[in-house]
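For reference, the structure discussed in these notes is given below.
The values are calculated or read from the model by the stated rules, or taken from the named source; none is laboratory data. Since the model is a prediction, treat every value here as computed from it, not as a measurement. Virtual Cβ from ideal backbone geometry, glycine too; neighbours counted across all protein chains shown. Just so you know, the surface numbers come from the protein's heavy atoms only, side chains and all, with ligands and any DNA or RNA stripped out. Shrake-Rupley method; radii C 1.70, N 1.55, O 1.52, S 1.80 Å.
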Amino acid sequence: MSIAVQFSNVSKHYPYYHHLSGGLKHFLFNFPKYLREIRKQKFTALESISFTIKKGESVAIIGKNGSGKSTTLGMIAGVLKPNNGDVMVNGRVSPLLELGGGFHPELTGAENIRLNGVLLGLSRKQVAEKFEQIVAFSELGQFIDHPIRTYSSGMMARLAFSVVANLNPEILLIDEILAVGDAGFQKKCLEKMKSYKTQGVTIILVTHSAHDVQFLCDRCIWIDNHKIRADGPTSEVLPEYTKFFGS
Amino acid sequence: MFNTQHIADLLTELTKKELSIRYKNMVFGYLWSIASPLAYAFIYFFVFQVVLKIPQPNYALFLIAGLYPWQWISNSLGQAPTNFVSNSSLIKKTQFPRFLIPLVTVIQDSLHFLFTIPILILFAIYFNVPPSADWIWKVPLIFGAQFLFVYSLHLLIATLTLFFRDIERFVQIFVTVAFYLTPVLYSETMIPERYQNLIPLNPFATLLINWKHTFLGIDLDWGLVGFSYLWSLFFFVVAHWIYKKLSWRFAEIM
Ligand SMILES: Nc1ncnc2c1ncn2[C@@H]1O[C@H](COP(=O)(O)OP(=O)(O)OP(=O)(O)O)[C@@H](O)[C@H]1O
Ligand SMILES: [Mg+2]
């Protein structure tokens, strides 16, 4: 079986960019001090993590708030670059990283479908062919022609998931956004993902819902304190994780 | 993944996005791009011809021959500081070549400029300096240099503003200063002898003088054309070098 995603000793630091908002003048007149500040004051979000995800696996990434899950997905999606180590991705990534991510608030739902599809790496023709299917899946009705800045969170999640899920994903990245959908739509999404799973699509899911993990994922990667704390079958890692929070 | 066909698709979709965000009404946007330089030309005409009696023949034609190309420059540069920021939701969460965003903006402003050329032709005919067949190659020649220059400067400003937010305020002042230091309202021949050598050092000036020569039926100064291209290439290299160093950080600083 071939590899879909591989992290080798990946570290990610965030500098405290707020120094930069001190402005150009501050930068030019305090140059050496400035460089020292930037170097010293970085924040390590992930420290030398390694894992391999094979094609067709469905993996949950779990951990408490701020542990680095979204950062990990960002690197898989290629919008963030690691400071150390290697990230290897094999296949087209369909990321659902954040509500409204990849969409422009001023465009209508329909316009956003066309733009987002192309930004995700498909051709305009491919998007056009699937357009009706996406709109139908979203169940947004007439709202598809409204600017998405007027959408509720759930409507936004519907639109985003419908685009990604109907454009033949190869590697599906989902960061929590289903939580805002109503029960009906959540169920529909989970079913859709389950069917992708049987078709051999790689699924990487970040969620705080133990139910979703259990329903969909065979494997869990638990990130804690910027490192991988546990990586194994859901049946082993998930109970440990819930126990950790229960106590 | 990012082959030519896909880049073309991205350009199309990003252009459509710009069109529906910026010009809710296309016709109105076009009329505006024609009318606003004309309104300025009217004011400048009054100040410099009627009041100050600048010794410049065909001053109205002279003004709009400079104000239309300048409008392109100032529109494109004026948007540069906010261009990446106002597309942050796209940049933060999807991977695509970020330089396409400035490129799309500059393509649109350049098209607006091209659409103002018919007005220039009308003026030229009215003032008895009718367009010559040379325009066929002169306009694309100067257009190419200006496109490269404006795009590069836009990319540079847009990139740096993400890291130094206060650049936004400098840009406004910078464009205004550049406007008055560039022969738009006056002719380069009016610049005192001892400052003449400085003209090639101002990339805006080299471009604007070339435009005026083209539109007013004067022979091109090949030295200045050369300088225009040198400046454009210089800024293109610098802008892309800095962009290449910094673009991978765009998503995390927004
Ligand atoms: N662009 C950024 N600049 C600076 N620090 C950041 C940036 N993005 C994330 N961080 C920091 O990195 C850490 C990890 O963030 P991340 O978003 O990956 O957490 P998470 O596991 O997804 O949390 P949550 O469950 O709340 O979504 C956090 O402490 C956060 O403050
Ligand atoms: Mg997160």
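Being open to solvent by less than 30 Å² (accessible area, probe 1.4 Å) and not basic (Lys, Arg) is the filter here; which residues of the stretch B:113-139 pass it?
Result: B:Phe113, B:Thr116, B:Ile117, B:Leu120, B:Ala124, B:Trp135, B:Val139.
For residues that are at pLDDT 70 or above and surrounded by 16 or more Cβ atoms within 10 Å (Cβ to Cβ), scanning just the stretch A:27-47, find the one that is farthest from ligand 2 (Cβ to nearest atom).
Within the stretch A:27-47, the match that is farthest from ligand 2 (Cβ to nearest atom) is A:Phe27.
Conditions (1) more than 13 Å from chain B (Cβ to nearest Cβ); (2) in contact with a Phe, Trp or Tyr (Cβ under 8 Å, 6 or more places away or on another chain), marked per residue:
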site: A:His104; (1), (2): no, no
site: A:Ala136; (1), (2): yes, no
site: A:Arg149; (1), (2): no, no
site: A:Met155; (1), (2): yes, yes
site: A:Ala160; (1), (2): no, yes
site: A:Asn168; (1), (2): yes, no
site: A:Asp175; (1), (2): no, no
site: A:Glu191; (1), (2): yes, no
site: A:Ser195; (1), (2): yes, no
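On the given criteria, is A:Leu167 closer than 19 Å to A:Ile76 by Cα, of a type in the set (A, V, I, L, M) and open to solvent by less than 10 Å² (accessible area, probe 1.4 Å)?
yes
Looking for something touching a residue at least 40 places away in the same chain (Cβ under 8 Å), open to solvent by less than 10 Å² (accessible area, probe 1.4 Å) and assigned to a loop (DSSP other than H, G, I, E, B) - is there at least one such residue anywhere in the stretch B:165-183?
Yes, some residue in the stretch B:165-183 is touching a residue at least 40 places away in the same chain (Cβ under 8 Å), open to solvent by less than 10 Å² (accessible area, probe 1.4 Å) and assigned to a loop (DSSP other than H, G, I, E, B).
Looking only at the stretch A:78-100, decide whether some residue is touching a residue at least 12 places away in the same chain (Cβ under 8 Å), open to solvent by less than 10 Å² (accessible area, probe 1.4 Å) and either away from ligand 2 (no atom under 16 Å from the Cβ) or in contact with a Cys (Cβ under 6 Å, 6 or more places away or on another chain) (or both).
Looking through the stretch A:78-100, at least one residue is touching a residue at least 12 places away in the same chain (Cβ under 8 Å), open to solvent by less than 10 Å² (accessible area, probe 1.4 Å) and either away from ligand 2 (no atom under 16 Å from the Cβ) or in contact with a Cys (Cβ under 6 Å, 6 or more places away or on another chain) (or both).
Conditions first: (1) more than 11 Å from chain B (Cβ to nearest Cβ); (2) buried (at least 20 other Cβ atoms within 10 Å of the Cβ); (3) modelled with pLDDT of 90 or more. A:Leu119 passes all but one, so which condition is the exception?
If we test A:Leu119 against (1) more than 11 Å from chain B (Cβ to nearest Cβ); (2) buried (at least 20 other Cβ atoms within 10 Å of the Cβ); (3) modelled with pLDDT of 90 or more, just (1) comes out false.
Considering only the stretch B:198-254, give the helices (runs of 4 or more DSSP H) lying wholly within it that have at least 1 residues that are open to solvent by less than 20 Å² (accessible area, probe 1.4 Å), closer than 30 Å to B:Phe164 by Cα and away from chain A (no Cβ under 14 Å).
B:203-215, B:222-246
Looking only at residues that are open to solvent by 10 Å² or more (accessible area, probe 1.4 Å) and part of a strand (DSSP E or B) in the stretch A:52-77, which one is nearest to ligand 1 (Cβ to nearest atom)?
Across the stretch A:52-77, the extreme among qualifying residues is A:Thr52.
Only one of A:Leu238, A:Leu178 is open to solvent by less than 50 Å² (accessible area, probe 1.4 Å) and closer than 23 Å to B:Lys93 by Cα; which?
On inspection, the qualifying residue turns out to be A:Leu178.
Of the residues that sit in the stretch A:101-133 and are of a type outside the set (A, V, I, L, M, F, W, C) and in a loop (DSSP other than H, G, I, E, B), which one is farthest from ligand 2 (Cβ to nearest atom)?
The selected residue is A:Ser123.
Among the residues of the stretch B:74-95, count how many are within 8 Å of chain A (Cβ to nearest Cβ), under 24 Å from the mean Cα position of the chain (by Cα) and touching a residue at least 60 places away in the same chain (Cβ under 8 Å).
Count: 0.
Show me the strands (runs of 3 or more DSSP E) found entirely inside the stretch A:134-240 where at least 2 residues are within 16 Å of ligand 2 (Cβ to nearest atom) and under 24 Å from A:Ser70 (Cβ atoms).
Hits in the stretch A:134-240: A:171-175, A:202-206, A:219-224.
Kindly provide the set of residues from the stretch A:189-209 that are surrounded by 15 or more Cβ atoms within 10 Å (Cβ to Cβ) and within 14 Å of ligand 1 (Cβ to nearest atom), ordered by number.
Across the stretch A:189-209, the qualifying residues are A:Ile204, A:Leu205, A:Val206, A:Thr207, A:Ser209.
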